Amino acid sequence: MKARKVTAAAAAVLALSVSATACGSDDKDDKGSGGGKKITIGIKFDQPGVGLKTPDGYTGFDVDVATYVAKELGYKAGDIEWKETPSADRETALQRGDVKFIAASYSINDERKEKVDFAGPYLLAHQDLLVRSDDKITKGTDLNGKKLCSVTGSTSAQNVKKEIAPKAQLREYGTYSECIDGLGSGAVDALTTDDSILAGYAAQEQYKGKYKLAGLKLTNENYGIGIKKGDSALQKKIDAALTKMVKDKSWEAAVKKNFGPANYKNEPAPKIGDIVK
Ligand code: GLU
C-alpha cells in the first residue's frame, strides 16, 4: 500500500512537470538581465532537500544554488524554467542544449568531463546506504550477495559495480524515489547513493523510524554545476557566483534551510576547483 502511494506521488510529479514545461518553453534564450528572457535549468524533481518539485514550487539545496547562480547571470527567479534531468540524462541534456546548466546532485568526474564541463564544486557529499532500521550492514563489502538498488547513469551504481561490492545484486532504476518502494517491500535490502540525498528521504514522515543511513562515507562526491563542453565564459561566471554565494553566507543559509530538517551533517563549503578525490 505504501509502495503504491509513492508511485502515485511520483506519477503526479511527472504529470505536473510535463504541464509545466509545456507552457511557455519557447523563450529559451540565455541573454539574461531584463527583457523577460528565460533560462532553463536542470534539477532533480524527486530528491527532498536537494531538488524537489512540490505543488507549491521547487525546493532544495540545488534549487537554491541554481537560483543564486541564475541571479548572478542576470535572471530573476521568475525567469527560471526548471527541467527534470534524471541521472542518466544529464550529459545529453547539456549536449543538446535543453538546459543552460544543471544543478542536480551532479558529481564531477573524468568520464563526464569528456562530454560536459563543470563549474564548482559547490558541495562535497559521500556515497552511503539507506537500509531498514534493524539492518546490520557496517561496511561496503557486506553488500555482496545483497539486493541493492541505485540509479542508472549515477556514480553510485558505477562505484558498486567497480569497487564497493561487485557481487551485490544491483537493480538500477530511473530515480532514487523508485528504489524506496523496494526497500519497504523487501524487494531490495539497501538503496545506495549520496548521503545528502538519502538523509532527505530518511527524514520523510512516512519513513521515519523505518529506515536509517549506514553512515559509511564510501566515496567523495564533488557536486558541480554541469554546463556545455567548451563554454569557459559561462564556467567562469558560475564559479564567480558560487564563490560569492559562499562569501556572503547565502551558501550556509541554504545548507541550513535544506539539510537542517534532515539533520544532514554537511562538509564545509568546497573551494572552487578543489576536487576531493
Ligand atoms: N552524485 C552522484 C552522481 O552524480 C549520485 C547522485 C545522482 O545520481 O544524481 O551520479
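Listed values, structure above:
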{"quantity": "Members of the stretch 119-153 found to be of a type in the set (Ser, Thr, Tyr) and within 16 Å of residue 169 (Cα to Cα), listed by number", "calculated": "141, 150, 152"}
{"quantity": "Residue list for the stretch 35-61, restricted to those being out of contact with any Lys or Arg (no Cβ under 7 Å at 6 or more places or on another chain) and not in a loop (DSSP other than H, G, I, E, B)", "calculated": "43, 46, 47, 52, 53, 54, 57, 58, 59, 61"}
{"quantity": "Qualifying position, being within 13 Å of the chain's Cα centre (by Cα) and over 16 Å from residue 245 (Cβ atoms), among 39, 108", "calculated": "108"}
{"quantity": "Long-range neighbours under 7 Å by Cβ, at least six apart or interchain, first residue touching a residue at least 12 places away in the same chain (Cβ under 8 Å) and within 18 Å of residue 199 (Cα to Cα) within the stretch 132-160, second of a type outside the set (A, V, I, L, M, F, W, C) and loosely packed, with under 14 Cβ neighbours inside 10 Å", "calculated": "133/209"}
{"quantity": "Restricting the stretch 95-110 to residues that are surrounded by 19 or more Cβ atoms within 10 Å (Cβ to Cβ) and more than 13 Å from the ligand (Cβ to nearest atom), the residue that is farthest from residue 274 (Cα to Cα)", "calculated": "99"}
{"quantity": "Scan of the stretch 102-112 for residues that are outside any strand (DSSP E or B) and either among the hydroxyl-bearing types (Ser, Thr, Tyr) or under 23 Å from residue 39 (Cβ atoms) (or both), ordered by number", "calculated": "103, 104, 105, 106, 108, 112"}
{"quantity": "Filter pass, residue 193 being over 22 Å from residue 255 (Cβ atoms) and under 20 Å from the mean Cα position of the chain (by Cα)", "calculated": "no"}
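For (1) surrounded by fewer than 18 Cβ atoms within 10 Å (Cβ to Cβ); (2) more than 12 Å from the ligand (Cβ to nearest atom); (3) within 22 Å of residue 103 (Cβ to Cβ), each residue gets a yes or a no:
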position	(1), (2), (3)
170	no, yes, no
183	no, yes, no
197	no, no, yes
206	yes, yes, no
209	yes, yes, no
216	no, yes, no
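No value in this document is a laboratory result; all are computed from the given coordinates. What you are looking at is a predicted structure, and each value in this text was computed from that prediction instead of being measured. Here the Cβ is made from the backbone with ideal geometry for all residues, glycine too, and neighbour counts use every protein chain on show.
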